[in-house]
Amino acid sequence: MRTLVHEFDWPDRVVVGTVGRPGERTFYLQARAGARSTSVALEKEQSAVLADTIDQLLDKLAEDQDNGLTIPTETPAELVDDEPLDHPVEEQFRTGAMRLGWDPRTAQVIIEAYPVAEGWDETDDDSRDDTDDGDTDDEPAEMLLVRIPVGTARAFAQRTRRVVRAGRPTCPLCGSPVDGDDHVCRLTDG
């Protein structure tokens, strides 16, 4: 089976956004080029780690004096995107694994998202076909591949952190989300 690749090279827009109320939000990574748009669901934690990892990659590249690139340390004002997700939001797949890369030829950050792997049990060796016919069950059915320039990547990371923080406040003692007045802190008696 061939992998269906939803590829966006220099997209018009790439953002993480949410649908739903705090505490019930679904996070989406959404990319758009022209009229074509793809949205994949993410966990809140995946979104936060993606933003932090992009910033770490950009910071490391900025420190490298030999790369010849100008990497913004702050988000360029003209790249700030505070608009909601493009509608309708149609989930292509729920993200399992993600990879982040760097293409030095084009000076682009590469984001890859793969669906949650279902139906394959690596402990069941008898179910695997060892013939090499070009089709493997190890390949994902589809993936999202997005390539973005460094300024857009910095703006993407900033927005993503802001979206993650916009949910329910956290308890200063236990770090758990606070749902109105009915929060029972794990670290106190009441």
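When residue 67 is tested against (1) in contact with a Pro (Cβ under 9 Å, 6 or more places away or on another chain); (2) at pLDDT 95 or above, just one condition goes unmet, and that condition is (2). Residues in region 1-34 that are closer than 16 Å to residue 164 by Cα, of a type outside the set (Lys, Arg), assigned to a loop (DSSP other than H, G, I, E, B) and without any contact (Cβ under 8 Å) to a residue 60 or more places away in the chain: 20, 24. Residue count for region 160-179 satisfying the condition of being touching a strand residue (DSSP E or B) at 6+ places or on another chain (Cβ under 9 Å), closer than 18 Å to residue 47 by Cβ and in a loop (DSSP other than H, G, I, E, B): 4.
Cβ-Cβ distances below 8 Å connect the following pairs, each with a first residue in region 164-179 that is under 24 Å from residue 29 (Cα atoms) and at pLDDT 75 or above, a second residue that is of a type in the set (S, T, N, Q) and in a loop (DSSP other than H, G, I, E, B), and a separation of six or more residues or different chains: 170/176.
Identify the residue in region 2-30 that is surrounded by fewer than 18 Cβ atoms within 10 Å (Cβ to Cβ) and hydrophobic (A, V, I, L, M, F, W, C) and, among all such residues, is farthest from the chain's Cα centre (by Cα). Please lay out each step first, then the result.
So the first thing to find is which residues in region 2-30 are surrounded by fewer than 18 Cβ atoms within 10 Å (Cβ to Cβ), and the list is 2-5, 7, 9-10, 12-13, 19-26.
From what is left, the residues that are hydrophobic (A, V, I, L, M, F, W, C) are 4-5, 10, 19.
Details: 4: 18, 5: 16, 10: 16, 19: 15 Å.
Checked region 2-30; the qualifying residue farthest from the chain's Cα centre (by Cα) is 4.
Picking from residues in region 42-59 that are of a type outside the set (Gly, Ala, Ser) and in contact with a Phe, Trp or Tyr (Cβ under 9 Å, 6 or more places away or on another chain), the one that is surrounded by the fewest Cβ atoms within 10 Å (Cβ to Cβ) is 43.
Mind listing just one residue for me: the one in region 83-106 that is at pLDDT 95 or above and polar (S, T, N, Q) and, of those, surrounded by the fewest Cβ atoms within 10 Å (Cβ to Cβ)? Within region 83-106, the match that is surrounded by the fewest Cβ atoms within 10 Å (Cβ to Cβ) is 92.
In region 48-82, what residues are among the hydrophobic types (A, V, I, L, M, F, W, C) and in a helix (DSSP H, G or I)?
Initial filter on region 48-82 (among the hydrophobic types (A, V, I, L, M, F, W, C)): 48-51, 54, 57-58, 61-62, 69, 71, 77, 79-80.
48, 49, 50, 51, 54, 57, 58, 61, 62, 77, 79, listed by residue number.
From the list 109, 80, the one residue that fits, being surrounded by fewer than 16 Cβ atoms within 10 Å (Cβ to Cβ), under 15 Å from residue 149 (Cα atoms) and touching a helix residue (DSSP H, G or I) at 6+ places or on another chain (Cβ under 9 Å), is 80.
Take the residues in region 31-41 that are exposed (fewer than 13 other Cβ atoms within 10 Å of the Cβ) and small (Gly, Ala, Ser), then tell me which one is farthest from residue 146 (Cα to Cα). This residue is 35.
The values are calculated or read from the model by the stated rules, or taken from the named source; none is laboratory data. What you are looking at is a predicted structure, and each value in this text was computed from that prediction instead of being measured. Virtual Cβ from ideal backbone geometry, glycine too; neighbours counted across all protein chains shown.
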